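Here the structure comes first, spelled out in structure tokens, and everything after it is commentary.
The values are calculated or read from the model by the stated rules, or taken from the named source; none is laboratory data. Please read all numbers here as calculations on a predicted model, not as lab measurements. As a convention, Cβ positions derive from the backbone with ideal geometry for all residues, glycine included, and neighbour counts pool all protein chains shown.
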Amino acid sequence: MLKRISMSLVALAGTLASVQAQETTVKVGTARAISTGATLIAIERGYFKEFGIKIELEPINSSADVMPLLAQNHYQVVEGGISAGYFNALQKNLPITLAADRTSSPLGHNIMLRPDLKDQIKTIKDLKGKIIGSNGAGSVSTYETGKVLETVGLTIADVEIKILPFTQMGLALKNKALDATLLIPPFTYQTRDQGLGVMFIDPDDYVRPAPTALAVNLINTDWAKNNPQLVKNYYVAYLRGVRDYCNAYHGGSTRKEIIDLLVKSGTERRPEMLNVYTWQSRSADGRINVASLLDMQEWYRKNKFTTADFPGERLVDTTYIDYAVQKLGPFVRENKDSKLPGCR
């Protein structure tokens, strides 16, 4: 009897070892933001593990910085803003495409001012000639800033764009290296709470068409072509995390868990503040607003960041998110009383 039990345990151990050996690693580059909570909870709850997928998360400053690494399959997935680099990559026929939404308006972004300039800069027009921070020359932050300036007849040529990581922008305001900067949560609130900057302009009030398709999931298409079921499974797991995030956004049962994960990851050190901040919205079905993408492409082209002119169907591959939505069915919001826009 003991011998049979011993043999069974050995067989079980062999099975577990075999499962672990078959685990597939997917390397994901992610620009740190509150919306990262969707991926974090999908990892923590084992959604990826159910499909034998092991996620390796690596922080990046901007998707624009790592487009070559994605094309080379150093990353299989990148979570970040839609930069001009994406359209340029398509022109070069690099193996890259957009697969899913990561962040779409309302965004909680803000063009913030140095505190000592708040009485001098009263309107958007007063930004003319000022030094404004962005996390990338051809990044979506620069697009947002440019769209805001254009509402009063200015362009990005009327200001000086200075490139810095979001993590350094508060200090740059303090040192007067910047006059203003576009920041995203949680950096907007951290900068405000530390007295390094004051809120000035919410781009959501000015950028059209809406919702703005600000940040996305980009994938390496060679990897996807060689591993179609793996990528489909990846997005089933990912979309489960997105829906947990959306329920947390609306004050549902997953909120504390995601807050704890964001604190653990270093995205925000003060858990109490994550109940004060506006969270970034997103599509609960992972859908990207193609009209917004086309406007970005046109803006980047007009401002000479790209010469690309692709139709909408060339910009997004919905194969994987369509599969995930079919598998998971409609999103069910736990808090039916939530009036918050977005994440629906």
**Asked** Would you call L178 surrounded by 23 or more Cβ atoms within 10 Å (Cβ to Cβ), of a type outside the set (F, W, Y) and not assigned by TED's automatic domain parsing to the domain that holds M273?
**Response** yes
**Message:** Just to be sure before I move on: is K264 out of contact with any Phe, Trp or Tyr (no Cβ under 9 Å at 6 or more places or on another chain) and under 24 Å from G46 (Cβ atoms) in the structure I sent?
**Reply:** yes
**Request:** Return yes when A308 is buried (at least 21 other Cβ atoms within 10 Å of the Cβ) and assigned to a loop (DSSP other than H, G, I, E, B) and no when it is not.
**Result:** no
**Request:** Would you mind telling me which numbered condition in (1) buried (at least 17 other Cβ atoms within 10 Å of the Cβ); (2) among the hydrophobic types (A, V, I, L, M, F, W, C); (3) over 26 Å from L293 (Cβ atoms) V263 fails?
**Result:** (1)
**Request:** Being part of a loop (DSSP other than H, G, I, E, B), over 16 Å from the mean Cα position of the chain (by Cα) and of a type in the set (K, R) is the filter here, so list the residues in the stretch 252-282 that pass it.
**Result:** R269, R270
**Fill in**
In the set I321, I258, I288, the lone residue that is closer than 22 Å to Q190 by Cβ and aliphatic (A, V, I, L, M) is I258
**Fill in**
Checked Y300, Y320 against criteria (farther than 28 Å from V236 by Cβ and either within 19 Å of the chain's Cα centre (by Cα) or assigned to a helix (DSSP H, G or I) (or both)); the one match is Y300
**Prompt:** Hey, S292 hits all of (1) touching a helix residue (DSSP H, G or I) at 6+ places or on another chain (Cβ under 9 Å); (2) surrounded by 16 or more Cβ atoms within 10 Å (Cβ to Cβ); (3) within 22 Å of G146 (Cα to Cα); (4) in contact (Cβ under 8 Å) with a residue 60 or more places away in the chain but one; which does it fall short on?
**Reply:** (1)
**Asked** What tally of residues in the stretch 59-80 results from selecting those that are modelled with pLDDT of 95 or more and closer than 19 Å to L262 by Cα?
**Response** 2
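Residue-wise test of (1) of a type in the set (F, W, Y); (2) in contact (Cβ under 8 Å) with a residue 12 or more places away in the chain; (3) in contact with a Leu (Cβ under 9 Å, 6 or more places away or on another chain).
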| residue | (1), (2), (3) |
| --- | --- |
| L230 | no, yes, no |
| G241 | no, yes, yes |
| D244 | no, yes, no |
| Y249 | yes, yes, yes |
| L262 | no, yes, yes |
| S265 | no, yes, yes |
| P271 | no, yes, yes |
**Asked** Which members of the stretch 147-169 meet the condition of being at pLDDT below 95 and either assigned to a helix (DSSP H, G or I) or closer than 20 Å to D202 by Cβ (or both)?
**Response** F166, T167
**Asked** Which residue, of V198, V140, V148, is touching a Lys or Arg at 6+ places or on another chain (Cβ under 9 Å) and either among the β-branched types (V, I, T) or on the phi > 0 side of the Ramachandran plot (or both)?
**Response** V198
**Message:** Checking the structure you have, find out if any residue of the stretch 170-178 is under 22 Å from the mean Cα position of the chain (by Cα), modelled with pLDDT of 95 or more and not in a loop (DSSP other than H, G, I, E, B).
**Reply:** yes
**Asked** Picking from L239, L340, L230, which residue would you name as being surrounded by 19 or more Cβ atoms within 10 Å (Cβ to Cβ) and of a type in the set (A, V, I, L, M, F, W, C)?
**Response** L239
**Asked** On the given criteria, is P95 modelled with pLDDT under 95 and assigned by TED's automatic domain parsing to the domain that holds R287?
**Response** no
**Prompt:** Checking C246 against (1) surrounded by fewer than 18 Cβ atoms within 10 Å (Cβ to Cβ); (2) in contact with a Phe, Trp or Tyr (Cβ under 7 Å, 6 or more places away or on another chain); (3) not aliphatic (A, V, I, L, M), which single condition isn't satisfied?
**Reply:** (1)
